[in-house]
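Structure record follows, encoded as structure tokens.
The values are calculated or read from the model by the stated rules, or taken from the named source; none is laboratory data. This structure is a prediction, so every number in the text was calculated from the model and none was measured. So basically every Cβ, Gly included, is an ideal-geometry build from the backbone, and we count neighbours across all protein chains shown. Remember, those area values only see protein heavy atoms, side chains included, never the ligands or the DNA or RNA. Shrake-Rupley method; radii C 1.70, N 1.55, O 1.52, S 1.80 Å.
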Amino acid sequence: MTVAILFLLAQNVIPGCSCDPTRPETFKERFCSLSQEAEKQPAEPDVFFLKDINPRKPNRTLALPRHHGPANYTLDQISHAQRTRLWAEAIRKARELWGDEWAVAYNGDEVRTQCHIHIHIGKLNFGAKVSKYQEISSPSQIPVPRGKGIWVYQVGNKLRVHHGERITETALVR
């Protein structure tokens, strides 16, 4: 990556991203492809799933909110209720796909390559580096990442939430 692109990413500015829900023609850039997919979805349900099309991630699914905001909007910019619903649906789908070996991950804002909010769903990489974490009881308690990445999996009857990293999808098996 060039220094200029790294600088823009560090400021949470995805080059070329001009997503504007009031102007669908702005969703034509690669960075906006998930926003374009969101526009194709019916209004309900408010969370939908897509198979990750990256050939290096053949076992991944994405959870996305149907609603989207302007360019580069982030998880901390949606309401607590919307975040809780997105996390809960991602976890439900992860359990459906991976049983007790699931994990979900949201990359930090500075390494995102898509404008649209999305959570990666996959099988837990049991060799993932353990970062600082907290244990919680429900998706409604998942903290707001505030620009950093966050990944979640189940330990007993608790959810273990790792936070403070930039790239978190490495906690998932490719």
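Quick notes on this one:
- For the stretch 99-155, the tally of residues that are under 27 Å from N72 (Cα atoms) and of a type in the set (A, V, I, L, M, F, W, C) stands at 13.
- Among the residues of the stretch 120-149, just one is β-branched (V, I, T), out of contact with any helix residue (DSSP H, G or I) (no Cβ under 8 Å at 6 or more places or on another chain) and surrounded by 15 or more Cβ atoms within 10 Å (Cβ to Cβ), namely I136.
- Applying the criterion of being part of a helix (DSSP H, G or I) and of a type in the set (A, V, I, L, M) to the residues of the stretch 83-118, the residue that is farthest from H162 (Cα to Cα) is L97.
- Of all residues in the stretch 62-89, those satisfying the criterion of being under 13 Å from D109 (Cβ atoms) and in contact with a helix residue (DSSP H, G or I) (Cβ under 7 Å, 6 or more places away or on another chain) are T74, L75.
- Total residues in the stretch 34-49, condition free of Cβ contacts under 8 Å to residues at least 24 places away in the same chain and in contact with a strand residue (DSSP E or B) (Cβ under 7 Å, 6 or more places away or on another chain): 1
- Test result for A43, farther than 16 Å from T170 by Cβ, outside any strand (DSSP E or B), hydrophobic (A, V, I, L, M, F, W, C) and open to solvent by 40 Å² or more (accessible area, probe 1.4 Å): yes
- When the stretch 55-76 is filtered for residues that are free of Cβ contacts under 8 Å to residues at least 60 places away in the same chain, in a loop (DSSP other than H, G, I, E, B) and open to solvent by less than 40 Å² (accessible area, probe 1.4 Å), the ones remaining, listed by number, are H68, G69, A71, Y73.
- Residue in the stretch 161-173 that is buried (at least 20 other Cβ atoms within 10 Å of the Cβ) and assigned to a loop (DSSP other than H, G, I, E, B) present: yes
- Members of the stretch 150-160 found to be surrounded by 14 or more Cβ atoms within 10 Å (Cβ to Cβ) and among the aliphatic types (A, V, I, L, M), listed by number: I150, V152, L159
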